[in-house]
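Right, one structure below, let's go through it.
The values are calculated or read from the model by the stated rules, or taken from the named source; none is laboratory data. Owing to the predicted nature of the structure, the values given are computational and were not obtained by experimental measurement. Backbone-built Cβ (ideal geometry, glycine too); neighbour counts: all protein chains shown. In case anyone asks, the SASA skips ligands and DNA or RNA and just uses the protein heavy atoms, side chains included. Shrake-Rupley method; radii C 1.70, N 1.55, O 1.52, S 1.80 Å.
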Number of protein chains: 2
Amino acid sequence: MEKAQNGDAKEESKDSIGGYDSLHRLLKDNLNPHHFQEVSRLLTGLNCGKAVQTIALPESATALSVEHGFDLQAFSFSADKEILREPRVVRVGLIQNSIALPTTAHFADQKKAIFEKLKPIIEAAGSSGVNILCLQEAWMMPFAFCTREKRWCEFAEPVDGESTKFLQSFALKYNMVIISSILERDIKHGEVIWNTSVVIGNHGNIIGKHRKNHIPRVGDFNESTYYMEGNTGHPVFETAFGKIAINICYGRHHPLNWLAFGLNGADIVFNPSATVGELSEPMWPIEVSRFHNSTWFESVFVCQARNAAIANSYFVASINRVGTETFPNPFTSGDGKPAHADFGHFYGSSYVSAPDASCTPSLSRTRDGLLITDMDLNLCRQVKDRWGFRMTSRYELYADTLARYVKPEFEPQVISDPLLHRKSS
Amino acid sequence: MEKAQNGDAKEESKDSIGGYDSLHRLLKDNLNPHHFQEVSRLLTGLNCGKAVQTIALPESATALSVEHGFDLQAFSFSADKEILREPRVVRVGLIQNSIALPTTAHFADQKKAIFEKLKPIIEAAGSSGVNILCLQEAWMMPFAFCTREKRWCEFAEPVDGESTKFLQSFALKYNMVIISSILERDIKHGEVIWNTSVVIGNHGNIIGKHRKNHIPRVGDFNESTYYMEGNTGHPVFETAFGKIAINICYGRHHPLNWLAFGLNGADIVFNPSATVGELSEPMWPIEVSRFHNSTWFESVFVCQARNAAIANSYFVASINRVGTETFPNPFTSGDGKPAHADFGHFYGSSYVSAPDASCTPSLSRTRDGLLITDMDLNLCRQVKDRWGFRMTSRYELYADTLARYVKPEFEPQVISDPLLHRKSS
């Protein structure tokens, strides 16, 4: 395995709690077996509604994970058996990874090295029979937008560029849909740049693209320096293995973005991301682990995806990149603190949430990883029928509210206490 | 203290984990102090972004909690100090309670007994200087909608009925805004019934009302048998202590409902609820405790309110009733299981979430309780300025999407793989 050159060792030590590398291990070593079992059940329940089952993978896949040192985990969600409809089980793979060379290396070498480190992980997915594989946001480059330097734009590619070509061969070889999030150069529209997911069909064909709808302007997330809000709406891609959509990164903070993919019929929404512990703020040290994590971003990462899966009755597959990326020139974060050269720790922890509030454990927070999940898409409609959130949603009311809100002359619905300015007795 | 007659003892035993009545105690007794501290920090972090501080209450309040046996906890959230604006600290109180007499008692006696058991809790809130007090959903009656029996409609009252009058005296005495959720009888519109929150001003006046917007039709939540979707929009009430709104119970499953209160300018949204462990399904036993809880409903209860607070940059104050309510006639739950006489355990656990993702610990899951929370409303705008979720929300896009969606001829935005029906290679 090629190991990221930037800061992995430092991040390992940050993981320590009470001298242990995970909460799971600390509790296991210090509680009696009965108490450990009860506490584990409770803590897993904290994040997961219904228990997921682990599934066995072929020897070829596990051998690759050992040889190349990436985390490999596999789970299945359960759904009810229906009378009139066969199960529609889809095997989904999520890849999280750190970059492969320092950000000072030649750009072409950096990209090529990421390709090389991803090959065995993609092979493991393919040989495990993954139907739909999703990579992290802007997987083919460092997440350099914190720098505000324009030279990183050179990493951008057209939708049918080298990263897409690299993945098309695997899609064809393994009969696998692949979602590839890249920095896109739009040749036909003045060479502008977008944050884009390319959907590659299981025959190696390009089905289409979607551009990130919501662009952050906060802390080191200087993305609006590079690209604007997407213009592709909320497409759902009908693939050989189901109807899927992509909510790229910061879009997960926007409930209406999740909603729109649901209205268009998605059964699985992927959330390829790049997110870090609370903008380096020392009061929220990065903590842990298998039982999810404790910084602002990290707990929100978990909360929002689960909530979206429940509210919209679909599966959400969340991916975050891994490692600390150090850049050649220092930059500030708009928080009055000294300039620094890294964005913070991308904490991995990729996982999948189901519409019935169950979810998988998460991948490692420091290592590359492949998470494989079997899901019966029938669960989506089962949950819709059971809870009726779509039926009870009153969209007419909200269509009207939003239509009024977007007008400059909008007046909020406020009922003021007529005694507001009377002196208190 | 008057103790609920129904099942409290049984619920206590359900709480046991590994022989302990809370996870907190199990860990404290079995880990060394250093490990306990680390694990506690981590687990609290799981649910809370930023640490809240405990605050001291007057002796008169704590004495009432001891004498009447209700849980009493008090916390404060922090906000930045601004240069041009003074802090706007508001003290909010939430009351959770079980019913006071068996559901077989005379209806008038049942209501009166609830009034009596609430008096000392309201007095404790008043003497603690609470500015805005909120009671649970339909606090003045058992949550009888599971039965589908129409006779429980007798509990309904006009907006200015006896429950409102009971609370008006306390509002005036303590200069306190009170939010009272009742079963409403709408005398002027054919005597129909609504699920309604009445907002009582700090001079004892009625400021207005809001009716529950989303009505469940699932399991034992047979509420649509009794009342329909509310017709009051999404009012924000401008009170002496800030702009507040009420998202009643099942409305918390609807992100657009949360959104609309935000668009109308709420700084605090109250969520008076009545919710139970997963419809009695035995595979998700009710587990715990101070570190929140593990059933479907319970984890969702936490997840949704926190998510709403973050997405909409306001405080969310969540209340759930307490105890198990047994009804005279058995009823079924639409799950093929035998008829039974109770709805399940209302697990209390009331808590407050802040827009910066911090939250308070929750109240007891078995006892009546009063949660007092100081919050600086300035935090709402600070978070809006920082994260910019409102600015980056693209409401125009969604106004258009919803306007199209509600038309019968709506066509989802689907991009189909043109090779969809080609045989795989």
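Is it the case, given these coordinates, that A:PHE410 is open to solvent by less than 10 Å² (accessible area, probe 1.4 Å), within 14 Å of chain B (Cβ to nearest Cβ) and aromatic (Phe, Trp, Tyr)? In short, no. For the stretch B:283-331, filtered to residues that are at pLDDT 95 or above and open to solvent by 20 Å² or more (accessible area, probe 1.4 Å), the residue that is farthest from the other protein chains (Cβ to nearest Cβ) is B:PRO328. Considering the conditions (1) surrounded by fewer than 22 Cβ atoms within 10 Å (Cβ to Cβ); (2) modelled with pLDDT of 95 or more, A:TYR398 is excluded by exactly one of them, (1).
The residues on offer are B:SER181, B:SER169, and the sole one that is under 26 Å from A:GLN413 (Cα atoms) and more than 10 Å from chain A (Cβ to nearest Cβ) is B:SER181.
Mind listing just one residue for me: the one in the stretch A:332-373 that is touching a Pro at 6+ places or on another chain (Cβ under 9 Å), part of a loop (DSSP other than H, G, I, E, B) and not hydrophobic (A, V, I, L, M, F, W, C) and, of those, surrounded by the fewest Cβ atoms within 10 Å (Cβ to Cβ)? Residue satisfying both the conditions and the ranking: A:PRO338. Considering (1) away from every other protein chain (no Cβ under 14 Å); (2) touching a residue at least 24 places away in the same chain (Cβ under 8 Å); (3) of a type outside the set (Asp, Glu), the lone condition that A:VAL66 does not fulfil carries the number (2).
Results for (1) open to solvent by less than 10 Å² (accessible area, probe 1.4 Å); (2) free of Cβ contacts under 8 Å to residues at least 24 places away in the same chain; (3) of a type in the set (A, V, I, L, M); (4) more than 22 Å from B:LEU172 (Cα to Cα), shown as yes or no for each residue.
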site: B:GLU238; (1), (2), (3), (4): no, yes, no, no
site: B:ILE246; (1), (2), (3), (4): yes, no, yes, no
site: B:HIS253; (1), (2), (3), (4): yes, no, no, yes
site: B:ALA266; (1), (2), (3), (4): yes, no, yes, yes
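Looking at this structure, is A:THR232 touching a residue at least 12 places away in the same chain (Cβ under 8 Å) and open to solvent by 20 Å² or more (accessible area, probe 1.4 Å)? Criteria met by A:THR232. The set of residues in the stretch B:217-229 being in a loop (DSSP other than H, G, I, E, B) and either at pLDDT below 95 or open to solvent by 10 Å² or more (accessible area, probe 1.4 Å) (or both) consists of B:ARG217, B:GLY219, B:ASP220, B:ASN222, B:TYR226, B:MET228, B:GLU229. Within the stretch A:374-394, being touching a residue at least 60 places away in the same chain (Cβ under 8 Å) and open to solvent by less than 20 Å² (accessible area, probe 1.4 Å) holds for A:MET375, A:ASP376, A:LEU377, A:ASN378, A:LEU379, A:CYS380, A:VAL383, A:TRP387, A:PHE389. Looking at A:ARG390, A:ARG404, which one is under 30 Å from B:ARG390 (Cα atoms), of a type in the set (Lys, Arg) and assigned to a helix (DSSP H, G or I)? The conditions single out A:ARG404.
Residues that are of a type in the set (A, V, I, L, M, F, W, C) and either open to solvent by less than 10 Å² (accessible area, probe 1.4 Å) or closer than 20 Å to A:THR401 by Cα (or both) within the stretch B:202-216 comprise just one, B:ILE215. Tallying residues that are touching a Gly at 6+ places or on another chain (Cβ under 7 Å) and either among the β-branched types (Val, Ile, Thr) or assigned to a strand (DSSP E or B) (or both) within the stretch A:92-131 yields 3.
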